[in-house]
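Peer 1: One structure is given below, represented as structure tokens, and several questions about it will come after.
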Amino acid sequence: MAAETEVIVRRSVRHDVVMRAAISIAPEHARLVKFGAAAGGREGWIDGDVVDFSAGGLGFVSGLFVPRKARIGVRVFSPTIPEDVLLTCIVRVQRVTMTDRRPAYLLGTSFENPPPEVGKQINDLLAILSGEKPMPGRAAPPPADQSTD
């Protein structure tokens, strides 16, 4: 009898993006994981980029290694208004992959029971990425049936 293989099916649409973001170690893991002073983080926050986003979590590229299962804080910034934070949440690192010799690490994370206000931020960002809402700071396009002459 042939061995059955487990197939992992993504339950939500993943948006490939490049958005400026920052991470920090969540308070409950701050004693276990520490960024050194040479990491250059302001107030414990390390800059990087969100490279994919879905209802289940996000992918983040970091210049620093973060271990699997660590809980981290994430801030995702608007590409149109750099100081505008679109999402602030805590995620759990599910996988870590070294991307190249820089070094850089791709952190695959998941949202874990986000509170309602974070759930709203996630849904708003998904609506922006799917084109249902305009990006903050950017004018909405005119309806398709109207001319801009």
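No value in this document is a laboratory result; all are computed from the given coordinates. None of the values given here were measured: they were computed from a predicted structure. FYI the Cβ positions are ideal-geometry reconstructions off the backbone, even for glycines, and counts take in every protein chain you see.
Peer 1: At R0 = 22 Å, how high is the FRET efficiency between residue 113 and residue 85 if r is their beta carbon distance? Nearest 0.05 is fine.
Peer 2: Efficiency, rounded to the nearest 0.05: 0.55.
Peer 1: Of 121, 39, 91, whose Cα points farthest to the positive end of the dipole of the range 15-129 (charges on the beta-carbon: +1 Lys, Arg; -1 Asp, Glu; origin at the Cα centre)?
Peer 2: Of the listed residues, the answer is 39.
Peer 1: Let me ask another. Each label point is 7 Å from the Cα along the Cα-to-Cβ direction; what then is the distance between the points at residue 95 and residue 120, in nm?
Peer 2: Each label point lies 7 Å from its Cα, and together they span 3.4 nm.
Peer 1: Shifting gears a bit: Which FRET efficiency, nearest 0.05, do residue 12 and residue 106 yield, Cβ-Cβ r, R0 30 Å?
Peer 2: After rounding to 0.05, the efficiency reads 0.95.
Peer 1: Along the range 81-87, what does the Karplus equation 6.51 cos²θ - 1.76 cosθ + 1.60 (θ = phi - 60°) give for ³J(HN,Hα), rounded to whole Hz, x for Gly and Pro?
Peer 2: Working through the residues one at a time gives 10, x, 8, 7, 8, 7, 8 Hz.
Peer 1: According to a simple spin-label model (label point 7 Å from Cα along Cα-to-Cβ), what is the distance in nm between residue 49 and residue 26?
Peer 2: Taking the simple label geometry, residue 26 and residue 49 are separated by 2.7 nm.
Peer 1: Could I ask something else about it? Taking amide H positions as placed 1.01 Å from N in the peptide plane, with prolines and chain starts having none, which residues 5 or more places from residue 14, or on another chain, fall under 5 Å of its amide H?
Peer 2: none
Peer 1: Between residue 127 and residue 65, what FRET efficiency comes out of the Förster formula 1/(1 + (r/R0)^6) with R0 = 35 Å and r the beta carbon distance, rounded to 0.05?
Peer 2: Taking R0 as 35 Å, the efficiency between residue 65 and residue 127 is 0.60.
Peer 1: Could I ask something else about it? If you filter the range 47-127 for GluC sites (Glu not before Pro), then keep DSSP loop positions with at most 15 other Cβ within 10 Å, what is left?
Peer 2: 83, 112
Peer 1: Please report the spacing between the Cα centers of the range 56-127 and the range 14-37 in Å, no decimals.
Peer 2: 7
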